[in-house]
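The values are calculated or read from the model by the stated rules, or taken from the named source; none is laboratory data. Everything quoted here is computed from the prediction, not taken from an experiment. All Cβ positions, even for glycine, are placed from backbone atoms using ideal geometry, and neighbour counts span all protein chains on display.
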Amino acid sequence: MADKRTMTLNLTDPEMRLLDELSARKDVSKTALLRQALRLYQMVEERLNRGEKLFFEDEEKKKAELMVV
Amino acid sequence: MKTPVHIIDNRTGQPVEAELFDEVTVEHFIETQQEWRPLVLKAARQLVAHGSRELIPQHFHWDWTTKAPELSALANNFYGIRCENKLQGLMKLQTVGPFCRCRLPEQADKALVYVDYVEVAPWNLKTLAAALGEKPVYNAVGSRLVEAAVLKSKEEDCKGRVGLHSLPITELFYRKVCGMTPVGRDSAKQNLLWLEYTPEQAENFLSGAR
């Protein structure tokens with residue numbers, strides 16, 4: 001397991017509620033959830049930087065491009 | 001990370017020490033192309049020649065070198081098993097992504113670790129070794145990799161939950177040997193069978209593997 005470092009995170013009440021809700025739904029700790037979010041952000045960033053596009057597809061195969069800032 | 005694990009040497013029937021590692025590099029991918037792929041293709045040709053086309057593993061065309069750009073992404077974890085200075089198996093995990101959510105009703109939407117690719121050396125595969133007139137050299141390489149996936153799931157706080165799409169030739173292995181639950185065919189993934197571990201099943205597998 002890689003060495004880990006600790007940081008303090010300041011969140012607003014709505015952000016904290018969302019973190020609570022998502023960590024409960026995913027059944028992982030808040031720390032684990034934020035680590036996943038960071039990895040997802042890296043994955044999206046790297047693919048966009050390579051010129052790829054990010055889409056969501058609904059059940060009728062309609063695609064919607066997701067804009068990422 | 002380098003951890004000693006035990007696999008079975010079929011030549012003696014005895015367990016031997018191998019090394020499970022996660023510092024996989026492009027050199028390991030090249031090794032699969034140089035050492036594994038020619039044997040896989042040779043065995044596939046033998047199977048075709050003997051009218052056993054259905055026994056050709058569906059992964060015969062895999063090329064791990066195409067995954068080199070994915071080595072740096074934190075969403076991916078690669079594991080290898082080395083024994084007798086040869087790569088015996090390779091696995092790619094995803095800890096985040098579209099397949100990292102459970103489908104079993106009792107744990108639907110919870111986070112899991114997804115086994116994206118897993119392959120053992122052709123000389124360890126019964127069908128391929130037989131096509132080459134040999135017996136498999138090692139047993140339990142695949143089991144050690146699944147075990148590593150479960151341990152990674154626990155490390156990621158997913159409590160042992162693991163999911164994967166199985167190729168037809170490995171469905172029995174995941175169901176019977178690993179004790180995973182088959183959930184259903186996935187039309188979004190070549191109609192492959194989706195299998196999943198609950199934390200309890202994962203723990204049972206680890207207990208049996210130890």
Answer residue from region A:1-24, given it is within 11 Å of chain B (Cβ to nearest Cβ) and assigned to a helix (DSSP H, G or I) and is surrounded by the fewest Cβ atoms within 10 Å (Cβ to Cβ) among those: A:A24
Residues located in region A:30-54, provided they are polar (S, T, N, Q) and closer than 18 Å to B:N77 by Cβ: A:T31, A:Q36, A:Q42
Any chance B:F21 is under 21 Å from B:P168 (Cα atoms), at pLDDT 95 or above and of a type in the set (F, W, Y): no
Given (1) within 13 Å of chain B (Cβ to nearest Cβ); (2) surrounded by 10 or more Cβ atoms within 10 Å (Cβ to Cβ); (3) closer than 26 Å to B:N77 by Cα, index of the condition A:E57 fails: (3)
Considering residues of region B:117-132 that are buried (at least 20 other Cβ atoms within 10 Å of the Cβ) and under 10 Å from the mean Cα position of the chain (by Cα) only, the residue farthest from B:P182 (Cα to Cα): B:V120
Unmet requirement for B:C158, which otherwise passes all of (1) among the hydrophobic types (A, V, I, L, M, F, W, C); (2) part of a loop (DSSP other than H, G, I, E, B); (3) more than 16 Å from B:Q107 (Cα to Cα): (3)
Search result, residues across region B:50-93 that are out of contact with any Leu (no Cβ under 8 Å at 6 or more places or on another chain), on the phi < 0 side of the Ramachandran plot and without any contact (Cβ under 8 Å) to a residue 40 or more places away in the chain: B:E54, B:H61, B:D63, B:T65, B:T66, B:P69, B:E70, B:S72, B:A73, B:K92
Which listed residue, of B:A75, B:A108, is at pLDDT 95 or above, in contact with a Lys or Arg (Cβ under 6 Å, 6 or more places away or on another chain) and within 14 Å of chain A (Cβ to nearest Cβ): B:A75
Any strands (runs of 3 or more DSSP E) falling wholly within region B:1-85 and containing at least 2 residues that are β-branched (V, I, T) and touching a helix residue (DSSP H, G or I) at 6+ places or on another chain (Cβ under 7 Å): B:2-9
Filtered residues of region B:162-190 (kept if at pLDDT 95 or above and in a loop (DSSP other than H, G, I, E, B)): B:C178, B:G179, B:M180
Filtered residue count, region A:25-43, keeping only those that are more than 7 Å from chain B (Cβ to nearest Cβ) and either β-branched (V, I, T) or touching a helix residue (DSSP H, G or I) at 6+ places or on another chain (Cβ under 8 Å) (or both): 4
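Residues of region B:133-155 being in a loop (DSSP other than H, G, I, E, B), crowded, with 16+ Cβ neighbours inside 10 Å and out of contact with any strand residue (DSSP E or B) (no Cβ under 8 Å at 6 or more places or on another chain), which ones?
Of the residues in region B:133-155, the ones in a loop (DSSP other than H, G, I, E, B) are B:133-137, B:140.
Subset that is crowded, with 16+ Cβ neighbours inside 10 Å: B:136-137, B:140.
The answer is B:P136, and nothing else.
Looking at B:G89, B:G97, which is the one that is surrounded by fewer than 23 Cβ atoms within 10 Å (Cβ to Cβ) and not in a helix (DSSP H, G or I)?
B:G97
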